[in-house]
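Notes follow once the structure below has been shown.
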Amino acid sequence: MRRRSLLAASLGLNFGAAGHLLAAGASASAPKFLLVFLRGGYDAASLLVPHASSFYYEVRKDIAIAPPSAELTSALPLNSDWGLHPALRDSLYPLYQQGELAFVPFAGTDDVSRSHFETQDSMELGQPLSGRKDYGSGFLNRLAGQLSGCSPMAFTEQLPKIFQGSEQVPNTALKSLAKPSVDARQSEIIAAMYRGTPLAATVQEGFALRQELMRDLAGEMQAASRQAISAKGFELEARRIAKLMRENFNLGFIDVGGWDTHVGQGGASGYLANRFDELGQGLAGFAQEMGAAWKHCTVVVLSEFGRTFRQNGNRGTDHGHGTVMWVLGGGLKGQRIVGEQVAVERAKLFQDRDFPVLNDYRAVLGGLFQRQYGLSAAQLAQVFPGTRARDLGLL
């Protein structure tokens, strides 16, 4: 085994084809960005409830969320048009009320294939749909290339397309860190191989980082056994990501599956409600774990597309088009529903079935990157070629 591969295995890290060792040192006060990708196309009309629309209740007789009321199963009030799924009452709703959460409805891409894989790939590339494409260049990789001192990390099993490109980006699935692949004796042997070389300090820092994280995980497991905190599902992984991003990384990516709800989707309770609850607890846990660094962090939740506005015969929804982006952050000017919007009625549906896309996800992200990193128009054109950034005033 090559020495670099052995080292990577010991740290639980993987690298791109041109890979390099772990870059550390992203300060707690540096701007940080995490993209959470919901693979499967989640039902945005259940998340952000158009409670002022009579059409919504006409075509979703079994899965609609009731308009805001004193009932715990009704939508949480956001404004006169929109409500939030009640599963997020204790996790994300407080962040919204604190101004640390906003939503962008009628968002997405011009891709109308309604194919999971095709749309996910095109969104991760972030390139124009027409013309020549570079399938080895994802937009977060291009963003990393525009940032000085960027320390990126993909918290995934494999390096996702969004992080592929000329910049070398490591990836690690945090679930695999629970069981170290190399013990202390083997770690010392590996470290000894690099003593006296320019890589010695980096190797030592990498092992120190892993040991620190393992200590944190041990503390979490002990706390969970005493029922001190909830540590299951996405929340545990989100808290682990926060611990790493707090001091070591400033650009991250994580994907979450399980959003393809063709059958038995449920309404205020059921399958989708449980997924929202898990995701909400995870994002709230991430914000809490970031501590003071949360003030400098932005999180965007994105999915490849929304789902059909009408429920299907199986009390679910099928592949759609427009979706809703979530934007969170300690420095956010939130508690708003932003972007271009239209009345939720049949005449405004895309192809008489879906939310239209009025807010291009690249333009929205470009506006956030412009604010957060101070990127110029020329730099943004490198990240999202052929797209003009749209500043929605969230930062």
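Quick notes on this structure:
- Residue match in segment 343-351 (condition: of a type in the set (Gly, Ala, Ser) and assigned to a loop (DSSP other than H, G, I, E, B)): yes
- Checking residue 130 against (1) farther than 30 Å from residue 171 by Cβ; (2) buried (at least 20 other Cβ atoms within 10 Å of the Cβ), the condition it does not meet: (2)
- Any hit, segment 381-392, residues being surrounded by 14 or more Cβ atoms within 10 Å (Cβ to Cβ), in contact (Cβ under 8 Å) with a residue 12 or more places away in the chain and among the acidic types (Asp, Glu): no
- Lone unmet requirement of (1) modelled with pLDDT under 50; (2) in contact with a helix residue (DSSP H, G or I) (Cβ under 7 Å, 6 or more places away or on another chain) for residue 228: (2)
- Identity of the residue in segment 42-98, among the polar types (S, T, N, Q) and not in a loop (DSSP other than H, G, I, E, B), that ends up surrounded by the most Cβ atoms within 10 Å (Cβ to Cβ): 46
- Boolean, residue 340 is at pLDDT 95 or above, of a type outside the set (A, V, I, L, M) and either in contact with a Pro (Cβ under 7 Å, 6 or more places away or on another chain) or not in a helix (DSSP H, G or I) (or both): yes
For every residue, the table says whether it meets (1) more than 21 Å from residue 41 (Cβ to Cβ); (2) over 19 Å from the mean Cα position of the chain (by Cα); (3) outside any strand (DSSP E or B); (4) of a type in the set (Asp, Glu).
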site	(1), (2), (3), (4)
121	no, no, yes, yes
130	yes, yes, yes, no
136	yes, yes, yes, no
143	yes, no, yes, no
148	yes, yes, yes, no
162	no, no, yes, no
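- In segment 267-319, the residues that are among the small types (Gly, Ala, Ser) and over 23 Å from residue 53 (Cβ atoms): 280, 282, 284, 285, 287, 291, 292, 293
The values are calculated or read from the model by the stated rules, or taken from the named source; none is laboratory data. Everything numeric in this text was worked out from a predicted model, so none of it was measured. Note that each Cβ is placed from the backbone with ideal geometry, even for glycine, and that neighbours are counted across all protein chains shown.
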